[in-house]
Amino acid sequence: MAELRGSKSDMSKTVDEKELTIWETDWGEMHVNITLVHKTLDIAPLLKGLPDDLCQCPHWGMVLKGRKAVKYKDREEILNGGDAYYMPPGHTTVTDAGTEWLEISPKEELKRTNAAVLRNLKAMSPGPF
């Protein structure tokens, strides 16, 4: 059986852009990522086309440093460095610049969400795709 533990240095750096850096890996049926946001990030525009234009994937995680605002249809929660969390389906987030977090998500649900995110990114970006 593959080892199901690791550190950021064990993960692949899959995104390294001016907006954010992501290290990630899969552990069985779960996807694990550590994300560092360099610029404030509102993901709402990336979720268009999903039910209620909200993320439908559950996430478990911990904010390592910084602050995330999690918005649901009926409320908003603020997560600060040191907070562990569960985000049920039906959310969006605004993350402050300099925030870093660890997140664990079911692989298949995350793939469906990321497909919508990629479609929206392509629609926002100039140039041929």
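Every number in this text was worked out from the coordinates using simple rules, so none of it is lab data. Keep in mind that this is a model prediction, so the values were computed, not measured. Neighbour counts are summed over all protein chains in view; Cβ atoms, including those assigned to glycine, are modelled from backbone coordinates with ideal geometry.
Connecting C-alpha atoms closer than 10 Å in a GNM of the chain, tell me which of Ala44, Ala115, Ala69 has the biggest fluctuation.
Ala115
Projected onto the charge dipole of the chain (+1 at Lys/Arg Cβ, -1 at Asp/Glu Cβ, origin at the Cα centre), which of Trp27, Leu41, Ser7 gives the Cα projection farthest towards the positive end?
Highest projection toward the positive end goes to Leu41.
Give, to the nearest whole percent, the P(r) tail of region 14-124 beyond 25 angstrom, counting all Cα pairs.
Summing the P(r) of region 14-124 above 25 Å gives 12 percent of all pairs.
Separation between the Lys107 and Tyr72 pseudo-spin-labels, each 7 Å from Cα along Cα→Cβ, expressed in nm?
About 2.9 nm separates the two model spin labels.
Just to be sure I understand: with springs between alpha-carbon atoms less than 10 Å apart, which residue in Thr93, Thr40, Thr14 has the highest mean-square fluctuation in the Gaussian network model of the chain?
Looking only at Thr93, Thr40, Thr14, the biggest GNM fluctuation is shown by Thr14.
List the residues, sorted by chain then number, that are 5 or more residues from Val15 or on another chain and whose placed amide H is less than 5 Å from its amide H.
Close amide H contacts, sequence-distant or interchain: Ile22.
Under 5 Å between amide hydrogens, which residues at least 5 positions from Met30 or on another chain qualify, with H placed 1.01 Å from N in the peptide plane?
Here the answer is Lys107, since their amide H atoms fall under 5 Å of that of Met30.
Quick one: what are the phi-derived ³J(HN,Hα) couplings along region 67-82, Karplus 6.51/-1.76/1.60 with θ = phi - 60°, whole Hz, x for glycine and proline?
Once rounded to whole Hz, the list reads 8, 10, 9, 10, 10, 10, 4, 10, 6, 10, 10, 10, 10, 10, x, x.
I need the phi-derived Karplus couplings for region 92-98: 6.51 cos²θ - 1.76 cosθ + 1.60, θ = phi - 60°, integer Hz, Gly and Pro marked x.
9, 9, 10, 10, 5, 4, x
In nm, what is the difference between 0.36 nm times the number of residues separating Asp10 and Tyr86 and their Cα-Cα distance?
Length difference between fully extended and current span is 24.9 nm.
What is the set of long-range amide H partners of His38 at a cut-off below 5 Å, with H atoms built 1.01 Å from backbone N?
HN-HN under 5 Å from His38: Leu20, Thr21, Gly98.
As a footprinting exposure proxy, order His38, His31 by other Cβ within 10 Å, with the fewest listed first.
Fewest to most other Cβ atoms nearby, the residues stand as His38, His31.
Quick one: net charge around Lys73, please, counting Lys, Arg +1 and Asp, Glu -1 for every other residue with C-beta under 12 Å from its C-beta.
-2
Points 7 angstrom from Cα along the Cβ direction at Val94 and Met62: gap in nanometres?
Between Val94 and Met62, the simple spin-label model gives 2.8 nm.
Which ³J(HN,Hα) values in Hz, rounded to whole numbers, follow from the phi angles of region 111-116 under the Karplus curve 6.51 cos²θ - 1.76 cosθ + 1.60, where θ = phi - 60° and Gly and Pro get x?
My calculation for region 111-116 gives 4, 5, 5, 5, 4, 5 Hz in order.
Starting with the fewest neighbours, write out Arg75, Arg67 ranked by other beta-carbon atoms found within 10 Å of each beta-carbon.
If I rank by nearby Cβ atoms, fewest first, I get Arg75, Arg67.
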